[in-house]
Every structure is written in C-alpha cells, then in structure tokens.
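Asks: Please read through the structure below; I'll follow up with questions.
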Amino acid sequence: MLAVRGLYHAASGMPCMRLLRGETGHNNKGKNKGREIVIRIAIDGMGGDYAPQVVVDGTVQAVNSFGDIECILVGQEVALKRELNRHRVVGGKIFIHHASQVVEMGESPVSALKKKKDSSVSVCIDLLKRKEVDAVVTAGNTGAAVAASMLTLGLLKGIRRPGIAISVPTLRGISLAIDVGANIDPAPEHLLQYAVMADVYSRSIFKKRRPSIGLLNVGEEESKGTELMKEAYRLLRDSRLNFIGNIEGRDFFSGKCDCVICDGFVGNVVLKVAESLLEVLVKIIQKEFSKSYLTQFGAWLCSPALKSIKRDTNYEEAGGAPLLGINGVVIISHGGSSANAIRNAINVASQQVTMDINSQIVHEVEQREASANESYTSKTPAGSPDKSEKASS
C-alpha cells in the first residue's frame, strides 16, 4: 500500500506527490491518531463511467473537506498516481493500493468476479474483510459490488438478504427507499427485514423518532398486489413497526411515509424513471426559457429558485446508497457520479461507521425475534409441540 502525501512545488505552485510506504493492519473502528479517531475508507478507483479521474477528484475533495478520514484508492497504480499528481492533498491522507483488474459496467457480476480475482472492487471488499479499512465506496458495477460483499463479508446476524437504500427528496423532507436493486426476487420476510433496517437507519441518520413505513404497491387496499405483497403486508401489519399500509407510485415523492419498502426490481425501475424524468424536465425548461429575450429574463429572475430545486433533487448531494444487511459498510454510488457525488458518498460512509448502524440493526433484529418467540409461546396451548419439536418431527 502506498501513502500519497501532498507537497508544494515552489516553482510551479502545483503539488508534487511523494510516494511512501504506508501502514497496514488497522482495526475496523477507525484508528487513533493522537486523540482523533480516523476512519479509513477504501475507494474503488476504477469504478464508474468516468473513473479514475472523477473518482480521484472526489476523493481529494473528501480528504480536504473532512478531517476525520483517510482514503485508500484501489486500482491500477499508474493511472491513479497520474491523476493524483494533478492535485494538492492534505498531508498523508490518501493511500494507493494496487489492483490490476477492472470489472466493467456491462460484465456479468458473478462471472467477472470469478475471472478477475484482483479486480478493484474485489480488493476493496477484501480490505474491509481483513479490517484494514472501515468502509468501502464504489461507483462501479452494482451487481459485482453486491455479489462480492455477500460472498466475502457475508450478512449480518439474522439478516437474510441485503438491500440498497437511497435517500429520496420529498415534499416533506428526506425519505428512505429500500430496495432499489440488490434483490429482485425477494420473499415476504426480506421485505419485513428491509423495513426493520430502514427504521434503524432513519432513526440514526435522519433523526426521526418513529419513522412511518409504507409498502409500495399497485393500490392502497390490503387485498391489492401479488401474493408476495399481500404476505409482506400481513407481516408488516403484525410487526411493531410504524406501518401505515400500502402506498402507490404517486406517493413515492410526496412524503407520505418516511420509509418506502419495495422489491429490488420495482425500486430500480422507479429510480431510473425518476432520474430520466428529471433530466427531461430540465431540458424542457431550458428549451422554453431560451425561446425569447423575455423568457430569458424570466429565467434570470427564477435562477435562485431553480438552483435550489436542482440542489434538493440532485442525487449527487446524497452521494451514495448504503448496502444494508451486509456485515460491513459498503456504499454504492451512481455509475455516472461526479466528483462531488464521490465526495458525498465518502461522507455517507463515514457517517455510517460513526453511528455503527450495523450493530443497531443486529440488536433490533434480535429484539424482534425474541419478541416474536415470546408471543408464539404465550399463544401456544400447554402440552402442544413447540417450533423445534415440529421441525424434528
């Protein structure tokens, strides 16, 4: 692993990069640097449509903005060093870890991971497994990131499937939607666990005391939807979560609930449609504003409001989506992420490590399982076989 430290070149005013041997073997709760706790984050330097340039740019922005992190750029060393030489880096906060291979965006995740053992995403996840870093950020192949995380890190105790959670701007503030692509064929129990994880995340990160939970369906009535949705409804209704029932697609951005629960197929389609719709609306507005001097003047008058809308609806501000349920902190960014999006994704990773979200999820799942077992025991007539006896018979 190579440490990259920024120096000031007196003649040109540009930083030159001195490469030093770095440390290894860091624990998974950040390391002590004097009294300061430093969180170490592995960045997939080759992941994304515009890697490595944009990834390096965003990483440099992050270490120059946030005082409690160190970043390990994972990827092809020559390419990463070339990009880093363009930047001024706050002393000793970026390291390079060489990985010779890249999983391309169009590759089959499982096949690529088998063939490319030294891919940047695989090496990132392996560093997390070995506790040399506290979190991983990748804007690369989502399927490969999910598969590598499940195969290498495994799932949290009690969790059956991971889910990708995204922050959703609504009329009533930020909501959380899960799953948007990790699990396209879930069981009802998976959707219940997504709700539990969303509840924990919303309380910890968004500071919502008792988040409301909505199940994305084709209608509000309990009888609507597939058998999967009907059974998931019953499980959520009987849980101790603040479940408000089914919500429809029109409620996704209204803020009707704090957490939107859906399967990965539907969630991913909604996400891509929303992105496309926003891009089209921006182009339509730009076209209309450019039609005459009067409309251009109107655009100038509206520019503060338009900038505010852009800021509130821009996925780059959220940065990345946590892969919840994995035994580690993994943040998945949009393939087309800008440097600002990478910067914010690194901040999301730092927050999740600091709040120790995974321990809270495990605790919540254990509590709910214990509560369910107590409820089952109290309802079971004396002398009737319990669950273990039924299983053995």
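Asks: Restricting attention to the stretch 144-151, does a residue exist that is touching a residue at least 12 places away in the same chain (Cβ under 8 Å), of a type outside the set (A, V, I, L, M) and open to solvent by 10 Å² or more (accessible area, probe 1.4 Å)?
Replies: Within the stretch 144-151, not a single residue is touching a residue at least 12 places away in the same chain (Cβ under 8 Å), of a type outside the set (A, V, I, L, M) and open to solvent by 10 Å² or more (accessible area, probe 1.4 Å).
Asks: Out of the residues in the stretch 184-240 meeting the condition of being outside any helix (DSSP H, G or I), touching a Cys at 6+ places or on another chain (Cβ under 9 Å) and of a type in the set (S, T, N, Q), tell me which one is nearest to Glu366 (Cα to Cα).
Replies: Ser212
Asks: When you look at Arg210, is it open to solvent by 50 Å² or more (accessible area, probe 1.4 Å) and either under 24 Å from Ala147 (Cβ atoms) or touching a strand residue (DSSP E or B) at 6+ places or on another chain (Cβ under 6 Å) (or both), yes or no?
Replies: yes
Listed here are the residues, each with its yes/no results for (1) among the charged types (D, E, K, R); (2) under 28 Å from Leu215 (Cβ atoms); (3) without any contact (Cβ under 8 Å) to a residue 40 or more places away in the chain; (4) in contact with a His (Cβ under 6 Å, 6 or more places away or on another chain).
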{"site": "Ser276", "(1), (2), (3), (4)": "no, yes, yes, no"}
{"site": "Ile284", "(1), (2), (3), (4)": "no, no, yes, no"}
{"site": "Phe297", "(1), (2), (3), (4)": "no, no, yes, no"}
{"site": "Arg311", "(1), (2), (3), (4)": "yes, no, yes, no"}
{"site": "Ile331", "(1), (2), (3), (4)": "no, yes, no, no"}
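Asks: So, one more: What residue, among those in the stretch 152-168 that are assigned to a strand (DSSP E or B) and buried (at least 19 other Cβ atoms within 10 Å of the Cβ), is farthest from the chain's Cα centre (by Cα)?
Replies: Here the residue is Val168.
Asks: Next question, about the same structure. Name the single residue, out of those in the stretch 52-81 being part of a loop (DSSP other than H, G, I, E, B) and open to solvent by 30 Å² or more (accessible area, probe 1.4 Å), that is modelled with the highest pLDDT.
Replies: Gln76
Asks: Please go through the stretch 100-110 and give me each residue that is at pLDDT 95 or above and under 21 Å from Asn183 (Cβ atoms), ordered by number.
Replies: Val103
Asks: Would you check if Ile205 is at pLDDT below 95 and surrounded by 15 or more Cβ atoms within 10 Å (Cβ to Cβ)?
Replies: So Ile205 fits the description; yes.
Asks: Okay, moving on. Which of the residues belonging to the stretch 82-128 are assigned to a loop (DSSP other than H, G, I, E, B), open to solvent by 20 Å² or more (accessible area, probe 1.4 Å) and β-branched (Val, Ile, Thr)?
Replies: Listed by number, the residues that qualify are Val90, Val102.
Asks: Quick one: would you say Val121 is modelled with pLDDT of 95 or more and touching an Asp or Glu at 6+ places or on another chain (Cβ under 6 Å)?
Replies: The answer is yes for Val121.
The values are calculated or read from the model by the stated rules, or taken from the named source; none is laboratory data. Keep in mind that this is a model prediction, so the values were computed, not measured. Positions of Cβ are backbone-derived with ideal geometry, glycine not excepted, and every protein chain shown enters the neighbour counts. Just so you know, the surface numbers come from the protein's heavy atoms only, side chains and all, with ligands and any DNA or RNA stripped out. Shrake-Rupley method; radii C 1.70, N 1.55, O 1.52, S 1.80 Å.
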